[in-house]
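The values are calculated or read from the model by the stated rules, or taken from the named source; none is laboratory data. Computed from a prediction, not measured in an experiment: that's the story for all the values here. Here Cβ is always computed from backbone atoms with ideal geometry, including for glycine, and neighbour counts include all displayed protein chains.
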Amino acid sequence: MTRPTVTIIDYGLGNIKSVQQAFEHIGAQVNLSSCPEEIKSAQYLVLPGVGAFKQGMSALIQLELIPAIKEYAQSGKPLMGICLGMQMLLDKSFEHGEHEGLGLISGTVKAIDRHSPNGELIRKIPHIGWNAISPASKWQKSILAPIEQGSFFYFVHSFRAEVANTEHLLATCEYEGLTIPAAIKHNNVIGLQFHPEKSAVDGLAILNTFINQ
């Protein structure tokens, strides 16, 4: 039986090796690529990322990868964004200015507010560590199908997504009184704010579902 092949976009930002090792652990072949033609023809495509939104989008522009990613997304084949990669799936970010995203899921990226409405300091930034996720909509037929409500995943981020359509919100987590989108989905495009490659058995289960849907 031919193993599924996952193409991970290599644009200079992100913990690509750990994502690669996670997919290889569950039996996938992995192709690291910054080639537009390879991205367009990928079987499964992953956009990882750690760092700032502006730098991430600038790298995709410099490598001329944005048209290829959009063409792939329109093909209907599975596309996953992880952490910064998830945020870049949205329309724009307000991280250190206003910057255009890929526009594959309608929404914006804004800073996690560290203050309560009365101005008190209540949250540590970044949101880092293990946190439980809960369904924002039914996830039985989604990439989260093997996961029980309340399972814990590993987060590291200072900005959060805000989707324009609540139907695109798949799961959330609570961080010191603030609801944060943990997973989003629109058709074949999926975004995970947490790092499945760092989230032990449940994270691997999600990656396994991604390549076996």
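Structure notes:
- Among all positions in the stretch 1-9, there is no residue which is closer than 22 Å to residue 84 by Cβ, free of Cβ contacts under 8 Å to residues at least 60 places away in the same chain and out of contact with any helix residue (DSSP H, G or I) (no Cβ under 8 Å at 6 or more places or on another chain).
- Summed over the stretch 183-206, residues that are within 14 Å of residue 107 (Cα to Cα) and small (Gly, Ala, Ser) total 2.
- Leading residue by the ranking (surrounded by the most Cβ atoms within 10 Å (Cβ to Cβ)) among those in the stretch 92-109 that are touching a residue at least 24 places away in the same chain (Cβ under 8 Å) and either under 11 Å from the mean Cα position of the chain (by Cα) or part of a strand (DSSP E or B) (or both): 93
- Condition met for residue 198 (at pLDDT 95 or above and under 23 Å from residue 125 (Cβ atoms)): yes
- Every condition in (1) touching a Ser or Thr at 6+ places or on another chain (Cβ under 9 Å); (2) closer than 23 Å to residue 176 by Cα; (3) acidic (Asp, Glu) is met by residue 100 except one, and the failing one is (2).
- The stretch 156-180: number of residues that are under 24 Å from residue 72 (Cα atoms) and in a strand (DSSP E or B): 5
- Residue tally, condition on the phi > 0 side of the Ramachandran plot and at pLDDT 95 or above, over the stretch 26-85: 4
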